[in-house]
Amino acid sequence: MQQCGLAAPFRKGRDLDPQIHVPRLLRCRTYGSVLELTVETRRGQTIEELNTAAPKLAASLRAATYRVRPAQGRRAGYSTVIELVMHDSLTAPVQAAAASPLPTYDKVTLGRGQSGATWQLVVRGRHTLIAGCSGAGKGSVLWGLCCGLSPAVRRDLVRLWGVDLKRGVELQMGAGLFSAAAYNPRDALAVLKSLLQVIDERGTKMAGHSRLHQPRPGDPLHVLVIDELAALTAYSDITIRRDAERLLSEILTQGRALGVVVVACVQDPRKDVVPMRGLFTQTVALRLRSIEETVMVLGEGAAAIAPAHRISPRAPGTAWIVDDTGAVDRVRADYWPDEVIAAVATTNRANVLVELPANDNLDDFAGDGEWDVVSPRRPRTPRKPREMSLVAPIGGDDE
Ligand SMILES: Nc1ncnc2c1ncn2[C@@H]1O[C@H](COP(=O)(O)OP(=O)(O)OP(=O)(O)O)[C@@H](O)[C@H]1O
């Protein structure tokens with residue numbers, strides 16, 4: 001600790017105490033490939049100083065990587081937990097072979113964390129921003145989420161709504177999972193207005209009865225999936241942009257408790273490109289182009305402990321996440337090949353389709369419930385799921 005700049009002599013009056021004071025090691029334990037150190041600050045030191053020294057400690061002990069999280073319990077104010085990962089289990093990519101059969105909607109498994117543990121992302125009650133430059137692997141997070149929710153989609157516990165203004169190239173791969181999808185800006189506005197209608201109706205029903213919507217078949221969690229948010233909020237026609245910004249901001253501020261959440265991908269996280277960035281309640285930071293982008297996406301102080309700008313281009317799907325307890329982790333999403341997405345979408349097709357209003361009627365639609373948007377999908381003969389095998393590893397295996 002002394003060599004990592006964490007030790008110092010104390011001042012005794014005018015003199016320096018000859019004794020060097022170091023932070024106290026409260027606990028040291030190992031699990032998997034992780035060496036976990038719980039360290040207490042010395043007098044005159046902040047937790048931030050311990051966190052900032054974590055990379056030096058990791059390098060001194062020859063750890064592959066590290067993560068820092070706040071200590072729990074009564075020592076939380078003056079101690080921190082540094083997890084040194086002695087072997088990086090994120091190096092080799094993993095390919096998803098099929099969706100889990102469980103109809104979950106609270107959280108979905110997307111891959112693994114750097115300790116080797118499963119990485120699960122909370123979906124219900126959160127708006128998620130997936131930020132990463134081109135080729136960072138936003139598709140793996142997006143499809144991990146959609147395919148992970150697909151058994152619930154099939155039972156109408158979850159309804160997926162898609163917006164993909166890059167000609168639908170991404171979302172059409174799993175089109176069967178979506179109750180409605182927009183591939184042009186006018187349809188995108190119709191999707192946003194339909195979801196605001198759901199919020200209005202639920203708000204009226206839930207007021208005074210419940211503060212968090214509980215999904216049930218037929219009364220589902222609505223998840224709006226936007227492939228490239230900037231295409232709607234920055235690169236569209238000015239009138240579309242203005243309307244989209246207003247509608248999306250309303251959904252982001254009112255939807256969470258009412259069971260309407262947003263998952264959006266973005267390449268460029270600047271405020272003028274994504275003005276409503278601050279309304280997302282959790283962020284997955286894939287590879288970013290600069291330290292400034294890391295600060296924009298994960299917040300002040302994140303660049304040192306969650307350096308998304310240092311993720312290797314040879315490890316797509318790798319991301320830094322900061323959860324609501326402030327814990328930081330590096331994760332890697334499983335890769336979803338096109339044929340697996342298509343097979344999942346065939347097996348777990350949405351059984352409710354939402355008809356978007358024709359473009360000509362859109363201006364009249366004020367979200368007042370005058371037209372019925374929901375129509376059941378015609379029953380179909382169930383198809384046998386395509387047989388798949390797990391293939392790993394793929395691509396390069398080093399960072
Ligand atoms: N989790 C992953 N594991 C291994 N390889 C991956 C993973 N995710 C993506 N890749 C590889 O990286 C390539 C780019 O991924 P992807 O298309 O998801 O990036 P993106 O961030 O969506 O880029 P863009 O914004 O340009 O669409 C994929 O074609 C695939 O080869």
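The values are calculated or read from the model by the stated rules, or taken from the named source; none is laboratory data. Quantities reported herein were computed from a predicted structural model and do not represent experimental measurements. Because the Cβ atoms are built from the backbone with ideal geometry, glycine has one as well, and the counts that use them run over all protein chains shown. Quick note on the areas: whole protein, heavy atoms, side chains included, nothing else; ligands and nucleic acids left out. Shrake-Rupley method; radii C 1.70, N 1.55, O 1.52, S 1.80 Å.
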Net dipole in debye of the chain [+1 Lys, Arg Cβ; -1 Asp, Glu Cβ; about Cα centre; nearest 20]: 1400 debye
Most to least packed among 282-289, 46-53 [average Cβ atoms within 10 Å]: 282-289, 46-53
Percent breakdown of C-alpha pair distances by 10 Å bin, ordered from the shortest bin, for region 28-80: 23, 54, 22, 1
Furthest towards positive pole of dipole, Ala304, Ala207, Ala181, structure part the chain, Cβ charges: Ala304
Share, in percent, of DSSP beta bridges within region 215-330 that are antiparallel, nearest 5: 55 percent
Per residue accessible area in Å² of the chain, where ligands, DNA and RNA are left out and the probe is 1.4 Å: 47 Å²
Accessible carbon and sulfur surface of region 107-376 relative to its total accessible area, %, 1.4 Å: 48 percent
Equivalent-ellipsoid semi-axes of region 185-301, from the Cα gyration tensor, Å, largest first: 27, 18, 11
Debye intensity ratio I(q)/I(0), log10, region 36-145, q values 0.11, 0.12, 0.19 Å⁻¹ (C-alpha model): -0.52, -0.61, -1.10
Cα-based radius of gyration of the chain once divided by 2.2 N^0.38 Å, which approximates compact folds: 1.10
Neighbourhood charge, 9 Å Cβ-Cβ cut-off, centred on Val153 and excluding it, Lys, Arg +1 and Asp, Glu -1: +3
Computed over the chain: relative contact order in percent, which uses C-alpha pairs under 8 Å that are six or more apart: 21 percent
Counting DSSP beta bridges with both ends in region 107-376, the antiparallel % (nearest 5): 45 percent
Helix runs (DSSP H) in the chain reaching 15 Å along axis by Cα, Kyte-Doolittle at least 0.0: 47-60, 138-154
Net charge of Cβ neighbours under 11 Å - reference Ala58; Lys, Arg +1; Asp, Glu -1: +2
Overall form of region 64-200 per C-alpha gyration tensor (a/c, 1.5; a/b vs b/c): prolate
